[in-house]
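Take a look at the structure set out below.
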Amino acid sequence: MSAPSSVSSKRKRIAASTILASLFCACAAFGPAQGQSPSSRQDASIPNFSPSSTVGWLKAGVGDEFLSPDTGPGPVVSDPAHGYSGNFLLTTGNAKPFKIADLTNPILQPWVVEKMRKTNDEVLAGKVGFTARSRCWPHGVPGFLLYPVHPIFFIQTSNEVVMTWGQDFQLRHVFLNVPHSANPKPSWYGESVGHYENGDTLVVDTIGFNDRTYIDNFRTPHTDKLHVVERWRMIENGRFIEVVFTVDDPDAFYAPWTATRRFRRAEHEMIEEPCAENNQHFDWHIPVADRTDF
């Protein structure tokens, strides 16, 4: 028999608090921990993304796409002939995502266009379009910035910044004031190094990706030459974080391109929600076989 929902919710909060506390303890050996005021840090000019353990950062605005720059090359956007209205499930009752990429973006190399055209056609024909969050896969970078539901939490120490969220506690590690490894082992989130600038910005430089993630929710592919530079800047008196990032992959894109993502400050308890197992959201694009295997 399953526990009552109130008990289940309490257990989730306790479990999440325990995990977060463990992360704080693990990071304490490296320097000031999350939840300390800037004045208690080694450098008071460092932006404080984590004034307490209940401060997270939720995506600001509508949609789960990157914002294009005012000028210059930008991200793939929605095909105007097949507009996407945010939560397709709520607006149509159809549980299938309906994101169709605009393939006229001049940054895309031919093999990328053809691969995306195939996935566009499959979605238009009724096939479920892949998204990392619906399959519980690592999001990669910059896809990490597109998660719309759970807030991002920061743990800041003197030589590392950790980013995480509540759904399945995927972690990004940013090692401060060190160079990249000579030959980083390819991984889902790559190797991130960073430094602070101007008292309000964290600059993150990431290389060493595998090629198993997508750039965005339009299923834009990349190669292991992907290089992403993010600038996480606190704005509007600490009410928002603006992330301006540049993507470069000479084997996938004709030129580097830039986009933006914004997050709003939210007082939010981190709540555990396992993704790979015990997933209660059975209507979230879970593949279903046409026939049984036995």
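About the Cα centre of region 221-260, what is the dipole size in debye to 20, counting +1 per Lys and Arg Cβ and -1 per Asp and Glu Cβ, all else neutral? Mind dumping the intermediate values first?
Numbers: 4 positive and 7 negative charges, 43 e Å.
Dipole magnitude for region 221-260 comes out near 200 debye.
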- Note on the structure: Of the listed links Lys118/Lys185; Lys99/Lys225; Lys115/Lys225; Lys115/Lys185, those spanning more than 28 angstrom between alpha carbons are Lys118/Lys185
- Item | Label point distance in nm, Asp102-Ala60, each placed 7 Å from Cα along Cα→Cβ | 2.3 nm
- Message: On a full-extension model of 0.36 nm per residue, what is the gain between Ala81 and Ala255, subtracting their alpha-carbon distance, rounded to one decimal in nm?
- Response: 60.1 nm
- Segment Ser187-Thr71, extension gain: residue separation times 0.36 nm, minus the distance between their alpha carbons: 38.6 nm
- Query: Expressed in nm to one decimal, what extension gain is obtained for the pair Glu197 and Thr292 from 0.36 nm per residue of sequence separation less their Cα-Cα distance?
  - Reply: 28.5 nm
- Message: Can you give me the C-alpha center-to-center distance between region 211-256 and region 122-176, rounded to a whole angstrom?
- Response: 13 Å
- Let me know the charge dipole size of region 103-240 about its Cα centre in debye, to the nearest 20, where only the beta-carbon of Lys, Arg (+1) and Asp, Glu (-1) is charged. 420 debye
- Note on the structure: Plugging the Cβ-Cβ distance of Ile271 and Arg117 into 1/(1 + (r/R0)^6) at R0 = 41 Å yields, to the nearest 0.05, a FRET efficiency of 0.55
- Note on the structure: Simple spin-label estimate for Asn237/Asp211, 7 Å along Cα→Cβ, in nm, reads 5.0 nm
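Each reported figure results from applying straightforward, stated rules to the coordinates on display, with no laboratory input. Just so it is clear, the structure is predicted and the values come from calculations on it, not from any experiment. In this analysis, Cβ positions are derived from the backbone assuming ideal geometry, glycine residues included, and neighbour counts consider all displayed protein chains.
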